[in-house]
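Colleague: Sharing a structure here in structure tokens format.
We did not get these values from a lab; they are worked out from the coordinates using the rules stated. Since we're looking at a predicted model, the values are computed, not measured. Cβ placement follows ideal geometry from the backbone for every residue including glycine, while neighbour counts extend to all protein chains displayed.
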Amino acid sequence: MCDEQYKQHGAFSWCELITSDVAGAKVFYENLFGWQMEDLPMDGMTYTMIKAGGREVGGMMTAPPDGPEMPPVWGSYVTVDDVDAVAGKVADLGGTILVEPRDIPGVGRFCVLQDPQGAFISAITYQDEKSTNG
């Protein structure tokens with residue numbers, strides 16, 4: 001899903017838009033940045049892969065059912081070696097876990113956290129590609 005350089009602990013690795021109007025967002029960003037969009041069916045939803053120059057750089061999706069009043073937002077993912085260990089440190093450092101670590105099938109494991117100042121960010125441990133290829 002992402003280049004090896006983005007699998008380095010501490011590196012920003014993915015950006016994702018969560019919005020109530022994916023169709024409108026696709027038109028806006030295609031025309032603004034020249035991004036290419038590819039819709040991928042996933043567990044009861046469609047995930048739109050964003051590509052720049054043919055390379056996957058991010059995604060967008062409709063707000064999940066448990067966040068219907070959430071305003072549209074771009075989120076960033078930071079790669080970590082062990083998302084569960086990172087999530088375990090958040091409270092001790094004054095932050096809050098908003099989405100407990102959970103799996104994204106075929107991708108890895110992530111969590112969403114809020115830092116002590118109120119900013120949101122996601123941490124992700126990518127699945128070892130060797131384990132997905134047999």
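Colleague: From the residues P64, T48, G94, which one has its Cα farthest along the dipole of region 45-134 in the positive direction, the dipole being from +1 and -1 charges on Cβ of Lys/Arg and Asp/Glu about the Cα centre?
Modeller: Farthest towards the positive pole: T48.
Colleague: Beyond 16 Å, what share of the Cα-Cα pairs of the chain remains, rounded to the nearest whole percent? Mind dumping the intermediate values first?
Modeller: Values: 5981 of 8911 pairs.
Roughly 67 percent, rounded to a whole number.
Colleague: What whole number of Å gives the distance from the Cα centroid of region 1-58 to the Cα centroid of region 70-100?
Modeller: Comparing the Cα centres of region 70-100 and region 1-58, I get a distance of 20 Å.
Colleague: Using a Förster distance of 25 Å, how high is the FRET efficiency between I97 and E56, based on the Cβ-Cβ distance and rounded to 0.05? Write down the numbers at each step before the final one.
Modeller: Details: r = 27 Å, r/R0 = 1.08.
Efficiency at R0 = 25 Å is approximately 0.40.
Colleague: Now for a different question. Just subtract the alpha-carbon distance of T46 and D81 from 0.36 nm times their residue separation and send over the number in nm, one decimal. Working shown, then result.
Modeller: Working: separation 35, 0.36 × 35 = 12.60 nm, distance 2.79 nm.
Taking T46 through D81 to full extension adds about 9.8 nm, to one decimal.
Colleague: I've got another one for you. With 10 angstrom as the radius, rank W14, W74, W35 by how many other C-beta atoms surround their C-beta, starting from the fewest.
Modeller: Numbers: W14 22, W74 11, W35 19.
Arranged by neighbour count, lowest to highest, W14, W74, W35 become W74, W35, W14.
Colleague: Which length gain, in nm to one decimal place, applies between Y6 and I121 when the Cα-Cα distance is subtracted from 0.36 nm times their residue separation?
Modeller: 39.8 nm
Colleague: Rank the residues F33, F110, F120 as a footprinting-exposure proxy: fewest other Cβ atoms within 10 Å of their Cβ go first. Please report the intermediate quantities before stating the final value.
Modeller: Details: F33 11, F110 22, F120 14.
Taking fewest neighbouring Cβ atoms as first place, the list is F33, F120, F110.
Colleague: Separate question: For K26, go through the aspartates and glutamates and keep the ones whose alpha-carbon is under 20 Å away, minus same-chain ones fewer than eight residues off.
Modeller: E16, E38, D39, E56
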